[in-house]
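Every read-out reported here was derived from the displayed coordinates using simple, explicitly stated rules and does not represent laboratory data. Keep in mind that this is a model prediction, so the values were computed, not measured. Note that we place each Cβ from the backbone using ideal geometry, even for glycine, and neighbour counts take in every protein chain shown.
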Amino acid sequence: MRARGPRDSGGGRRASARRRRLALALLAVAWAAVAWSGGYAEDQRRAIELVAAHPAFASGLAHEPGWTATAYDALDRYGLWRVDLASAEGRALGWAQVRLAASRVIAWETEFELEGVAYEAARERLMDALRRDEDFRALAGDPDEHEWSWVGYEAWRDAWVVYLERGTDSLHVVLRSAHDGMRSLDGLRVIQVQAVHLPAYTAWRDMQGAEAIARAFGDPAVAAAVRGVVGWTADAEPVDRRIWRVRFLDGARALVEAEVDVGRGTVVVRR
């Protein structure tokens, strides 16, 4: 066996590396040629067109002149393409997953914003739907009776929302179109009316109990009963829908008891 010197060995390794790089480069060029000649660009176009025509995107894109889109083949087991859309300024407008074999958009998320004329037009249509909805008016009264309002569209449940600011009586109203087109403002119907300031039971109990204790402590007779007692405690429990029983304790010993009507703010002391 002939031993090669360092110079011979290094030159061989460098030549071998160059050959590998050349082979990889030629392989990449060949793959690209096959991919594009096989209709890769055409499939990109089809994927983007399917998304642009989908009801979740069509109406929103109509208000985004100069929008752009990119798409790639995921090469996964489901045969999916990913399409991303952006405004002319580069703001994300949403994404979609497309199964080209079925010409179907199977998943999507949109990020369209209502602005300017489009916002005002949507707001007027939505408010008019509330004005004409007898069930809504029977519950909530005149929808125009509010300090301010906001409207928007929630793509995740294909629904419009209207927020009416009325202080503690504020409402969050959900409407949906009777038509198939997402973001459609035709045939609107109210599907949900939520009183915003209506917490879960545990939060309600904590808040009402704290208010009952505070109101009871403000009574002169209660204040006198706990004066000078170090480390006194208080608890509250509902008696009925309006009345709370409040106890002030020194350890296990009751100092004073009161019944508080939280709604009316009245306190009746029971010693």
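For the chain, what is the mean residue ellipticity at 222 nm derived from helices alone (per DSSP H run of n ≥ 4: -39500 (n - 2.57); sum divided by total residues; nearest 500 deg cm²/dmol)?
Taken over the chain, the calculation gives -12000 deg cm²/dmol.
For a Förster distance of 30 Å, can you work out the FRET efficiency between the beta-carbons of Val196 and Glu115, rounded to the nearest 0.05?
0.75
Let me check against my output: what whole-number percent is the relative contact order of the chain, with C-alpha pairs under 8 Å and at least 6 apart?
8
Could you work out the relative contact order of the range 116-195, using alpha carbon pairs under 8 angstrom and six or more residues apart, expressed as a whole percent?
Once divided by the residue count of the range 116-195, the mean separation gives 23 percent.
Using alpha carbon centroids, what distance separates the range 233-271 and the range 136-161, in Å?
If you average the Cα positions of each part, the centres end up 39 Å apart.
Could you quote the convex hull projected area for the range 201-270, Cα atoms only and averaged over all directions, in nm²?
Reported value for the Cα convex hull: 4.6 nm².
Give me a comma-separated list of calculated 3J(HN,Hα) values for the range 131-141, in order, Karplus coefficients 6.51, -1.76, 1.60 applied at θ = phi - 60°, integers in Hz, x for any Gly or Pro.
Per residue, the Karplus-derived 3J(HN,Hα) values read 4, 8, 8, 5, 5, 5, 5, 5, 7, 9, x Hz.
Whole Å is fine, so just give me how far the alpha carbon centre of the range 82-134 lies from that of the range 185-225.
One Cα centre to the other: 36 Å.
Considering Cα pairs under 8 angstrom that are at least six residues apart, work out the relative contact order of the range 152-221 and quote it in whole percent.
Here the relative contact order equals 22 percent.
Given a Förster radius of 25 Å and the C-beta distance between Ala52 and Arg125 as r, what FRET efficiency does 1/(1 + (r/R0)^6) yield to the nearest 0.05?
Between Ala52 and Arg125 the formula returns 0.55.
Need one number for the chain: average projected area of the convex hull over its C-alpha atoms, nm².
33.0
What net charge do the residues around Gly263 carry, taking every other residue with its C-beta under 12 Å from that of Gly263, with Lys and Arg at +1 and Asp and Glu at -1?
That sum, taken over residues with Cβ under 12 Å, equals +1.
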